[in-house]
1. Condition first: within 16 Å of ligand 2 (Cβ to nearest atom) and touching a residue at least 40 places away in the same chain (Cβ under 8 Å). Can you find one or more residues in the stretch C:100-121 that meet it?
2. As an exercise: evaluate D:Tyr102 against (1) within 13 Å of chain A (Cβ to nearest Cβ); (2) under 27 Å from D:Thr149 (Cα atoms); (3) among the aromatic types (Phe, Trp, Tyr) and give the number of the one condition it does not meet.
3. Just give me the residues in the stretch B:285-314 being out of contact with any Asp or Glu (no Cβ under 8 Å at 6 or more places or on another chain) and within 23 Å of B:Asp103 (Cβ to Cβ), in sequence order.
4. Answer with yes or no whether A:Phe48 is among the aromatic types (Phe, Trp, Tyr), surrounded by fewer than 24 Cβ atoms within 10 Å (Cβ to Cβ) and within 10 Å of another protein chain (Cβ to nearest Cβ).
5. Which residues, counting only those in the stretch A:197-215, are within 16 Å of ligand 3 (Cβ to nearest atom), surrounded by fewer than 23 Cβ atoms within 10 Å (Cβ to Cβ) and assigned to a loop (DSSP other than H, G, I, E, B)?
6. Is it the case that the stretch C:218-239 has a residue that's out of contact with any helix residue (DSSP H, G or I) (no Cβ under 7 Å at 6 or more places or on another chain) and facing chain D (nearest Cβ under 10 Å)?
7. If the Cβ limit is 7 Å and pairs must be 6+ apart or interchain, which residue in the stretch B:77-97 that is away from ligand 2 (no atom under 16 Å from the Cβ) pairs with which residue that is hydroxyl-bearing (Ser, Thr, Tyr) and part of a helix (DSSP H, G or I)?
8. Determine, yes or no, whether B:Tyr72 is more than 8 Å from every other protein chain (Cβ to nearest Cβ) and in contact with a helix residue (DSSP H, G or I) (Cβ under 8 Å, 6 or more places away or on another chain).
Amino acid sequence: MAVEETRTCHESLGLDEEDLLKIYRNMLLARRVDERSWILNRQGKAAFVISCQGQEGCQVGAAYNLRPGYDYVYPYYRDHGIVMTLGMTARDELLALLGKKEDPNSGGRQMPGHFSSRELNIVTASAPIGVQYPQAAGSALAFKMRGEDGVVLACGGEASTSEGDWHEAMNMAGIHDLPLIFLIQNNVYAISVPEPLQVAGSIAKRAEGYGFPGHQVDGNDVLAVYEVAREAVDRARRGEGPTLIEAKTYRMTAHSSDDDDRRYREREEIEGWRQKDPIVRFERYLMENGVMSEERKEEIGQQIKDEVAKASEYAENAPFADPEEAMERVYAEA
Amino acid sequence: MAVEETRTCHESLGLDEEDLLKIYRNMLLARRVDERSWILNRQGKAAFVISCQGQEGCQVGAAYNLRPGYDYVYPYYRDHGIVMTLGMTARDELLALLGKKEDPNSGGRQMPGHFSSRELNIVTASAPIGVQYPQAAGSALAFKMRGEDGVVLACGGEASTSEGDWHEAMNMAGIHDLPLIFLIQNNVYAISVPEPLQVAGSIAKRAEGYGFPGHQVDGNDVLAVYEVAREAVDRARRGEGPTLIEAKTYRMTAHSSDDDDRRYREREEIEGWRQKDPIVRFERYLMENGVMSEERKEEIGQQIKDEVAKASEYAENAPFADPEEAMERVYAEA
Amino acid sequence: MTEKNLLQAIHDGLAEEMRSDDTVMVMGEDVGRAGGVFRVTQGLQEEFGPFRVMDTPLAESLIVGSAIGLSVNGMRPVAEIQFADFIPPAFDQIVSEAARFYYRSNGAWNVPITIRAPYGVVPGGALYHSQSVEAYFCNTPGLKVVAPTFPADAKAMIKSAIRDPNPVLFLEHKRTYRLIKEDVPDDDFEVPLSKARVHREGTDLTVVSYGLTLYTALQLAQKISDEEGIETEVVEPRTLYPLDRETILDSVKKTGKILVISEANLTGSVAGEIASIVAHEAFEWLDGPVMRLGAPDIPAAAFAKPMMDFFVPSAEKIESAMLELARY
Amino acid sequence: MTEKNLLQAIHDGLAEEMRSDDTVMVMGEDVGRAGGVFRVTQGLQEEFGPFRVMDTPLAESLIVGSAIGLSVNGMRPVAEIQFADFIPPAFDQIVSEAARFYYRSNGAWNVPITIRAPYGVVPGGALYHSQSVEAYFCNTPGLKVVAPTFPADAKAMIKSAIRDPNPVLFLEHKRTYRLIKEDVPDDDFEVPLSKARVHREGTDLTVVSYGLTLYTALQLAQKISDEEGIETEVVEPRTLYPLDRETILDSVKKTGKILVISEANLTGSVAGEIASIVAHEAFEWLDGPVMRLGAPDIPAAAFAKPMMDFFVPSAEKIESAMLELARY
Ligand SMILES: Cc1ncc(C[n+]2csc(CCOP(=O)(O)OP(=O)(O)O)c2C)c(N)n1
Ligand SMILES: Cc1ncc(C[n+]2csc(CCOP(=O)(O)OP(=O)(O)O)c2C)c(N)n1
Ligand SMILES: [Mg+2]
Ligand SMILES: [Mg+2]
């Protein structure tokens, strides 16, 4: 592990200590909100949880390169780390978890993890896997047509590459050199289906066939992801075209609160990956590089704990939308 | 051009003179039937023509490797050369052209070029581009599951690779090492849309991303296509998995009888490709290698001419299905 | 006879067909080791191996498309779409391809596949795990669409679907999976894919329904019989396409009134087709308006429970529609 | 006023919108240099360049999906599906995505796109260049489906569609492209996407139709008026979803009889929805069965002309249905 930790040196990436602590906070916040969600689920308060645990490195590392509210983002349901890096709060997340009226994504209409924010240019996400990719290509094309330097980040799990939509968007991105970054978080499983039954060959390698670069990166090394995403974002902003990033990671929880992963994977495998927990790894990096002390860590941990507790209390007490609100906003008015 | 002609030596491919003449006949028959179709169109007898002209090399070269009625074939609408190599006759083709009751593909229900034959294992084709690929993967999987050495050939133009279905099938083929050969006839245009607006990167190269071989081949050199297809078929029969073949060729006619290609391409370009006509090239090869004399050529030409004329006469005089037949065969009976 | 819920009945139907016919196979996302997200295929992979019970990539067009290709090369695949909401990517393969092979090849190629899809509102399911998709498919000649509600029918009909030489879309209401239990015959009985079922005879009005709303309507029919002496004839189409028009029309000709209930968005639903057949062909027998009840015309059920409950046609709404029509 | 056919009217509507709004663009297969396979977009690429008139790869899901993405990033794309028969690959992007952005984001994201699709039987078109696909889409809240028949309406409605903040599916009957000509106002007039049009007033029966069958029905209405003194009120929905129920119901309440005609396969067609609305809400006013006429329930029109002609509701069939109902 020591190798990964020292390989990427934050100074060489142009990140200062403040950046690093922000990245750390975002990762930890995502984790703690996620953990809180499971507690609310066990308490019978949250009908459904879908986790980011284990993937915070991929998410925060990539999103930290974006300009919130300028670039367009098509996150997938695990991207709690992305949307919080862009500006969503613990409160927003827990309001969504509980389906409350104030849920900024959908007012309680959609499941948790179906992100949306007009202010943050997070384009409303849905459940059907893969549909975001052609849409992301369109948003990238709009930037290109107007000559703007906005970029688009489109995310999904490894299984999302199995849908035709992914390929159609890859092809379009390659044809028009679109400012589009595909971030594939390969967490080994699609619910129960393991990678060998899902992906032929290599996701990262496929980019070449479309005429643009593809990178495989250790998704549990937040700075490695940051680095490759920065290169991709810079390239896109310069008008040089798309990049595909395949971040190798692992889903540390069951697929969702409806899933029982003991049916299809061994406990030892999960334990093995716990050793590579991106947050633990980054903590060690910060400590070894003198960026964070044990005290500071405690302090940040406590702040986040408080933030999440307050957010949870707020969300639990927040009202639902009235039943009849279901009838509203079917059509937009001119 | 001399280079291509002598590069592939038929003896080294295990083809004897009889084989070569069969291949030649199939190519010429496809061409002559096609030419006849345009005449019938101009005479107002054929509502719609869709041509194979220019692609006979890709088609016959590939199909000559198959076992008709054993292997499964998913041709696309230009594959007159394939279905005739498998056993369809000029008469069959012209009955289909005119939509007559005896049309073996569909009894006049479908447009010409929408091939089907239960006896020849030509799986019924339709107009929506790309749908055949997942189907072909399924047929290949059935061979594999039963441990049989059948192979499946799935064909399309370069634009068919733009549909999601193509990718989904490529992935499936790679995952299960299916006995499936993708034959992409890249004829530069999709109706009016030129390759650079259709295909990012390279079709042939994409195979690697799915973990199996992809070959680019000169589609106007029938023996070159035969060679690469033979390798692919052998590999598939041995259970070693799929191959992608991208045959570079050119559409010598307008897209169809409904199209006016002067809107989008230069006459000079077409003339340039006429010089590479796969039939002319193969004729020269046969003559230079002493396989065919000028006399023999005349003789074969005359035989085929007669065959086509007779077939045309038959088809023109054949009856349509009764209008009410449209009501039949909607559901199969147990 | 053994008491079974809908899940078990379908599971057993699949298992029995796989045992008696080597060409029958199951394919879809998570159908293998996990046994399906609803556990319909549980244990099948252990018994039949990783090919006959195959976890596919996440690609619905591929699932149905390759099922087609398997079927024309000797297999009888049962393809699972994990949630009916995710059937749109397979739409082309179903309506343009599977449904038309037989017709377009003039009878040469048929496509004996079954496509299973769990549908209907379920708590927490929200917009994309709740939809009733049947109307998308009930105008596709060449396709059969079935939606049995009760376990015994479901077991028999999954067998009929597998044995049918045509493509069959087999819809299962998720909320009835464990809710409805009944004795299911152990022997190999078949229910044809062409016959509606009259659950209850009556003289005052006809209710036509399927899925969860049928279950509710049956209870209410008993209730208003007990409480008000109103006798409702309850008809379940079982096969939604092609419809058993005769059974429906015979019932309406007897009662003079019809209420069609489904959980789908009202406008454009299958209920409209049934209503319009009646309005055309039983007009002379009608003693009241041809009534329909469905979900409101909004995209689908919301995640938040109050909005979700608002979406589903409730027992109250169903009862008052029945009473309104009976008293007309 | 200038006389124009349907093709020209749509072309002009597009061109005018593109001139007056820089964000309006056209995309699809062969829309650029070739000007579209039906020439609707002819000359537009020369005027507006290769991006605003963009030839896309052959991928309908991409066409609609990227139109969605363009629209949420400031553009107003008009996506062309070359033939309505090829819309199924885009089904998911239309019904699950475009139609739901606004609802699911609680009003934050809307999708102002127009999807043009030529539909209907055309000689030689056969199974896959002939279909009437409207029923697939007319149960999708959040989507508007329009199908104008006459050039002036079409020009105005393509503009309304482009300006509408919602996704609009714009259907064009191929056989009417050159068949129907009329004077089209030169100025910028709009027709709302919510109003049916009464083409002809009458007292004896109401005919509701659109597309080629509307055109035929209008001629026959004149004929049976001249020959038999039967006065038919002819209503064109223009927008098929959501329907202008009032105009249809008002007409039926006046005439007491309704015949709904379309070229789609009868069962599961939009005609059924219209019929069932009438059977429910105008029941008291009905003096005859709610009649429908459509194509038979077979996959689509065949290639061979005799079978093709058999498929399309003919003038004879339409006239006899009108007379049958009038005389009921
Ligand atoms: C089109 C579609 N099919 C099926 C599903 C059901 N489903 C939800 S998540 C999932 C697995 C996704 O796996 P992956 O893309 O690897 O993402 P991960 O959950 O592993 O992060 C499946 C099958 C869906 N949401 N959409
Ligand atoms: C799904 C679908 N979309 C559009 C069409 C209309 N169409 C027919 S052929 C064609 C071009 C196909 O090009 P290519 O695959 O390169 O084959 P080629 O005709 O050049 O041999 C198009 C757009 C179609 N048949 N199916
Ligand atoms: Mg995964
Ligand atoms: Mg081509």
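1. At the first step, the residues of the stretch C:100-121 found to be within 16 Å of ligand 2 (Cβ to nearest atom) are C:100, C:104.
Narrowing the set further to residues that are touching a residue at least 40 places away in the same chain (Cβ under 8 Å) leaves C:100.
Looking through the stretch C:100-121, at least one residue is within 16 Å of ligand 2 (Cβ to nearest atom) and touching a residue at least 40 places away in the same chain (Cβ under 8 Å).
2. (2)
3. Selection gives B:Ile304, B:Lys305, B:Asp306, B:Glu307, B:Val308, B:Ala309, B:Lys310, B:Ser312, B:Glu313, B:Tyr314.
4. yes
5. Selection gives A:Ser202 alone.
6. The answer is no, given that none of the residues of the stretch C:218-239 is out of contact with any helix residue (DSSP H, G or I) (no Cβ under 7 Å at 6 or more places or on another chain) and facing chain D (nearest Cβ under 10 Å).
7. B:Arg91/B:Tyr314; B:Leu94/B:Ser312; B:Leu97/B:Ser37
8. no
The values are calculated or read from the model by the stated rules, or taken from the named source; none is laboratory data. As the structure is a computational prediction, the values presented were derived from the model and not from experiment. All Cβ positions, glycine included, derive from the backbone under ideal geometry; neighbour counts span all protein chains shown.
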